[in-house]
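Notes follow once the structure below has been shown.
FYI, it's all coordinate maths here, none of it is from the lab. Everything numeric in this text was worked out from a predicted model, so none of it was measured. We place every Cβ from the backbone using ideal geometry, glycine too, and count neighbours over all the protein chains shown.
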Amino acid sequence: MNPLKAMPGWKDKILFTPGPLTTSRTVKQALLRDLGSRDTEFIETVRFIRRRLLELGHVGDAGYEAVLMQGSGTFGIEAVVSSTIPPDGKLLVIINGAYGHRIAKIASILKIGVVKLEYPEDSCPDLEQIEETLKHDPAITHVAVVHCETTTGIMNPVGEIGGIVHRAGRVYFVDAMSSFGAVPMDLARCHIDYLVSSANKCIEGVPGFSFILARKEPFLKTEGYARSLSLDLFGQWKGLESNGQFRFTPPTHAILAFQQALLELEAEGGVEGRAARYQKNYQTLTAGMSGMGFQEYLPRDRQGYIITSYLYPEHPKFSFEEFYRRLNQRDQVIYPGKVSNANCFRIGNIGRIFEADIRTLLAAIREVIDEMGVVL
Ligand SMILES: *Cc1c(COP(=O)(O)O)cnc(C)c1O
């Protein structure tokens, strides 16, 4: 099929996934331009974005810096791990899902000393154990945790962990990829030194870059720590500070789209407004799914409103592949699970989706399980 011919009638499927997500038409339209990387308009856009990101983290005037990094979210995480930990540093990673494991894997590939505290995917970390571990291993210099573990949708207590890390005098790193922009977050109050998120999650931009919010005090001491040229966080920041430019080709289109996405976030009432829409999506989803007899993987009190994991129905006629395929034919895209000890699928509440979209999805799920002969 000729893709140009397909355009006029094109209608995208709706993505109930952890990212990339459904974006607004106006965000997509914002990237229909070509700007040079040294163009003053582009440099102004980058400056606007960096300032606005700090404000979203409640640190607009509190000693933090925002750095944009080409690549997906993992590139931003790798930039922090590879370039803020000193040569003799050691990282404690608190793990209760696949993204926690990924942070530890990045550190071990870089031959950085790692200690892991692992918890089941449906459980929150043990705060006392974190405190004890820091007390008994003075070699640990940095601590990392994931805010919303997108593996299941569980929310980790980043503020309480931050208090422990701060009292122990260590540097604190939070992967807030799937929560930033939709869950209120005050970096200074949570004692977060480095936070990473990306363009295509709750701020509802298109993929192309990640961003790092860094507390200046520890960050400015990291010059020379980088173990990679392209992911050198300090080098990237210096480039942005000196002339407003990226060191290497910037994702100009993704940045234009992101500027538009930030304006739309503001128009929606900021983080609180977006949180309210996602919560409504979540409530509509969980009420509808429970009404049909689907079981959630996590207990309700640990679940966030970002993404929900459902256990496969125990019925011989249920097959995830078939369920997925039939929903996909109806333009509804859900996501497979990632939990190690249970068969799950996931439904995201994030992106440019509204209560009416969730109702459409629920109606499609009803039709599909009836067609398949699955009785719940
Ligand atoms: C999406 C996500 C990432 C990054 O994934 P990329 O595919 O590299 O964008 C990292 N951590 C969490 C918690 C995520 O949800």
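Miscellaneous remarks
- Positive dipole terminus of the chain, leading residue within 150, 35, 114 (C-beta point charges): 35
- Calculated from backbone phi, Karplus (6.51, -1.76, 1.60) coupling profile of region 113-125 in Hz, x at Gly/Pro: x, 10, 10, 10, 10, 9, 10, x, 5, 9, 10, 7, x
- Note on residue 292 and residue 376: the model spin-label points, each 7 Å out from Cα along the C-beta direction, lie 0.5 nm apart.
- Remark: the residue 51-residue 340 segment gains 100.1 nm on full extension, using 0.36 nm per residue and subtracting the alpha carbon distance.
- Size descriptors for region 15-57: radius of gyration and Dmax over Cα atoms are 13.5, 37 Å.
- Compared with the alpha-carbon gap, the fully stretched path from residue 128 to residue 44 is longer by 25.7 nm at 0.36 nm per residue.
- The chymotrypsin sites (Phe, Trp or Tyr not before Pro) of region 1-99 meeting both criteria, a DSSP state outside H, G, I, E and B (loop) and at most 14 other C-beta atoms within 10 angstrom of the site's C-beta, are 10.
- P(r) for region 228-376, from all Cα pairs and a bin width of 10 Å, is 10, 30, 25, 19, 12, 4, 0 %, short bins first.
- Region 217-262 and region 345-376 have Cα centres separated by 40 Å.
- The calculated FRET efficiency for the pair residue 220 and residue 300, based on their C-beta separation and a Förster distance of 35 Å, comes to about 0.25.
- Other-chain or far-sequence residues with amide H under 5 Å of residue 146's (modelled H): 175
- Note on region 21-77: with charges restricted to the Cβ of Lys and Arg (+1) and Asp and Glu (-1), its dipole about the Cα centre is near 220 debye.
- Applying a DSSP loop filter and a limit of 15 other Cβ atoms within 10 Å to the chymotrypsin sites (Phe, Trp or Tyr not before Pro) in region 227-329 leaves 248.
- Charge dipole of the chain (Cα centre as origin; +1 on each Lys and Arg Cβ, -1 on each Asp and Glu Cβ, all else neutral): 780 debye, rounded to the nearest 20.
- Residues listed by number, region 23-58, amide nitrogen under 17 Å from residue 243 label point at 7 Å toward C-beta: 36-47
- Farthest positive-ward along the chain dipole, Cα basis, beta-carbon charges - from 94, 188, 269: 269
- Helical runs (DSSP H, four residues minimum) scored at -39500 (n - 2.57) apiece and divided by the length of the chain put the mean residue ellipticity at 222 nm at -12500 deg cm²/dmol.
- Once the mean of 1/r is taken over each pair of separate Cα atoms and inverted, region 25-266 shows a Kirkwood hydrodynamic radius of 18.0 Å.
- From phi via Karplus (6.51, -1.76, 1.60), per-residue ³J(HN,Hα) for region 229-242 in Hz, x at Gly/Pro: 6, 5, 9, 5, 5, 5, x, 5, 5, 4, x, 5, 6, 6
- Remark: the residue 279-residue 135 segment gains 48.0 nm on full extension, using 0.36 nm per residue and subtracting the alpha carbon distance.
- Estimated inter-spin distance, residue 229 and residue 330, nm [label 7 Å along Cα→Cβ]: 5.2
- Farthest toward the positive end of the dipole of the chain, out of 347, 282, 172, is the Cα of 347, where the dipole comes from beta carbon charges about the Cα centre.
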